[in-house]
Amino acid sequence: MAANDTGHSGLDLDLVAASLRADSGDVETFVEALAAKLEQAVPRATSVERRRDGMFGPKRVRRIAVDTGRVRLELNAAGTSIQTTCARLSGGIVLKSEEVPTDVWLRALAEALADQARESETTRQALERLLNG
């Protein structure tokens, strides 16, 4: 699929990726916003782990995992640094997992979400709300 090909889902992958990167200037804000967007858009495929900073500090996102059945995309956050990995799955078993740059991870995430949107009207509508909201 070409980068600007919307396919029959009506979603533009570049718009999805841009929306996900919108808050990337501040890593903590970016991670929190990404987790919230994914939990809203694809709640069944998204797992978010939050931990409290200190005894009374706010809970912060430490891990985001999106599992589409074919691909598992994971983001681990520690303060101002993030680590992103992509894993290919078969029957729920990881065949290959590799650390990738954040931009590559965001692109893979956008493609995985677009694939899900083509298969599910509910997911497509949720992604359109994510892009427009």
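The values are calculated or read from the model by the stated rules, or taken from the named source; none is laboratory data. Nothing here was measured: the structure is a model prediction, and the numbers come from that model. Counting neighbours? That spans all protein chains shown, and the Cβs are built from the backbone with ideal geometry, glycine included.
Yes or no, residue by residue, for (1) within 16 Å of Ala45 (Cα to Cα); (2) touching a helix residue (DSSP H, G or I) at 6+ places or on another chain (Cβ under 6 Å); (3) assigned to a helix (DSSP H, G or I); (4) among the aromatic types (Phe, Trp, Tyr):
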{"residue": "Thr84", "(1), (2), (3), (4)": "no, yes, no, no"}
{"residue": "Arg88", "(1), (2), (3), (4)": "yes, no, no, no"}
{"residue": "Glu99", "(1), (2), (3), (4)": "no, no, no, no"}
{"residue": "Asp103", "(1), (2), (3), (4)": "no, no, yes, no"}
{"residue": "Leu106", "(1), (2), (3), (4)": "yes, yes, yes, no"}
{"residue": "Ala112", "(1), (2), (3), (4)": "yes, no, yes, no"}
{"residue": "Ala117", "(1), (2), (3), (4)": "yes, yes, yes, no"}
Test for Asp53: is it in contact with a Lys or Arg (Cβ under 7 Å, 6 or more places away or on another chain), at pLDDT below 85 and farther than 22 Å from Glu119 by Cα: yes
Lone unmet requirement of (1) of a type outside the set (D, E, K, R); (2) assigned to a strand (DSSP E or B); (3) in contact (Cβ under 8 Å) with a residue 12 or more places away in the chain for Leu95: (3)
Matching option when the condition is of a type in the set (D, E, K, R), under 20 Å from Val31 (Cβ atoms), surrounded by 18 or more Cβ atoms within 10 Å (Cβ to Cβ) and touching a strand residue (DSSP E or B) at 6+ places or on another chain (Cβ under 7 Å), among Glu74, Glu49: Glu74
Residue match in segment 80-97 (condition: surrounded by 13 or more Cβ atoms within 10 Å (Cβ to Cβ), out of contact with any strand residue (DSSP E or B) (no Cβ under 8 Å at 6 or more places or on another chain) and not β-branched (Val, Ile, Thr)): no
